[in-house]
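K.L.:
Dropping the structure in here first, questions after.
The values are calculated or read from the model by the stated rules, or taken from the named source; none is laboratory data. Note that this is a predicted model, so its numbers are computed, not measured. Here the Cβ positions follow ideal geometry from the backbone for every residue, glycine too, while neighbour counts run over all protein chains shown. Ligands, DNA and RNA are stripped out before the accessible areas are found, and what is left, the full protein with its side chains, is counted by its heavy atoms. Shrake-Rupley method; radii C 1.70, N 1.55, O 1.52, S 1.80 Å.
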Amino acid sequence: MPDTKSDVSLYEVVYEVIPNLNTAEKLINNTLESIMEASADPLEIMRRKEQQDAFRLEARLVRMHLEHVLTRYREEVEALVNADGRERGPQVTLDPDEAQALRSAVEIYQHVRAYQRGERRHPLANR
């Protein structure tokens, strides 16, 4: 995973950050769905639904900013993808919102990995 400075390689964004975010998003949504399905407590269901809605909003904002990076560097991304990951791609400079989105994507994935290792009771941060 990249460190979260304002410069990052497109390779890391395309082949690490985005796939890891996809994986984390699926696990979080599946976990919350399972908890809601197994619960008989309406308050627990409502709390988990609120968590799910908040997470989906956060993930959407992260994706919006990552998509902006991909759009801004469209030609470089196309060259990277056409090289099938054999090249590292150029370093790109992120604006503050994009850098925050990258940090958020990395944090989401790190929380999910800690949950999978049994180091956290819940895959979402601050839950």
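K.L.:
Would you please give the residues with an amide H less than 5 Å from that of VAL92, counting only those at least 5 places away or on a separate chain, with H modeled from the backbone geometry?
P.N.:
Under 5 Å from the amide H of VAL92: VAL8, SER9, LEU10.
K.L.:
Okay, moving on. Using helices alone, I'd like the mean residue ellipticity at 222 nm for the chain: each DSSP H run of four-plus residues gives -39500 (n - 2.57), total over residue count, nearest 500.
P.N.:
Computed mean residue ellipticity for the chain: -22500 deg cm²/dmol.
K.L.:
Mind ranking THR93, THR31 by accessible surface for me, highest first, 1.4 Å probe?
P.N.:
Largest to smallest exposure gives the sequence THR93, THR31.
K.L.:
Write out the trypsin sites (Lys or Arg not before Pro) in the range 69-116 meeting two conditions: DSSP loop, and at most 13 other Cβ atoms within 10 Å of their Cβ.
P.N.:
Counting only loop positions with at most 13 other Cβ atoms within 10 Å, the trypsin sites (Lys or Arg not before Pro) in the range 69-116 are ARG86, ARG88.
K.L.:
Counting other Cβ atoms within 10 Å of each Cβ, which GluC sites (Glu not before Pro) in the range 32-127 have at most 14 and sit in a DSSP loop?
P.N.:
Passing both the DSSP loop test and the Cβ count: GLU87, GLU119.
K.L.:
Treating only the Cβ atoms of Lys and Arg (+1) and Asp and Glu (-1) as charged, compute the dipole magnitude of the chain about its Cα centre; round to the nearest 20 debye.
P.N.:
Using Cβ point charges on Lys, Arg, Asp and Glu, the chain gives about 440 debye.
K.L.:
Could you give me the ³J(HN,Hα) list for the range 6-14, computed from phi with Karplus coefficients 6.51, -1.76, 1.60 and θ = phi - 60°, whole Hz, x at Gly and Pro?
P.N.:
7, 10, 8, 7, 4, 4, 4, 5, 6
K.L.:
Which listed residue (TYR11, ILE108, THR71) has the Cα farthest towards the positive end of the charge dipole for the chain, taking +1 on Lys and Arg C-beta and -1 on Asp and Glu C-beta about the Cα centre?
P.N.:
Of TYR11, ILE108, THR71, it is ILE108.
K.L.:
Using a 1.4 Å probe on the protein heavy atoms, what percent of the accessible area of the chain belongs to carbon and sulfur? Intermediate results must be reported in sequence, preceding the final value.
P.N.:
Working: 3700 of 7570 Å².
Taking all protein chains in place, the chain shows 49 percent carbon and sulfur surface.
K.L.:
Pairs of alpha-carbon atoms within less than 8 angstrom and 6+ residues apart define the contacts here; what relative contact order does the chain have, in percent?
P.N.:
Reported relative contact order: 40 percent.
K.L.:
For GLU87, what residues show an amide H to amide H distance below 5 Å, using hydrogens built from the backbone and excluding near sequence neighbours?
P.N.:
For GLU87, whose amide H was placed from the backbone, there are no distant partners under 5 Å.
K.L.:
Would you mind working out the accessible area per residue for the chain, using a 1.4 Å probe, and quoting it in Å²?
P.N.:
Value returned for the chain: 60 Å² of accessible area per residue.
K.L.:
On to the next question. Take GLU75 and GLU33, extend 7 Å from each Cα along the Cα→Cβ direction, and tell me the distance between the two endpoints in nm.
P.N.:
The two pseudo-label positions are separated by 4.2 nm.
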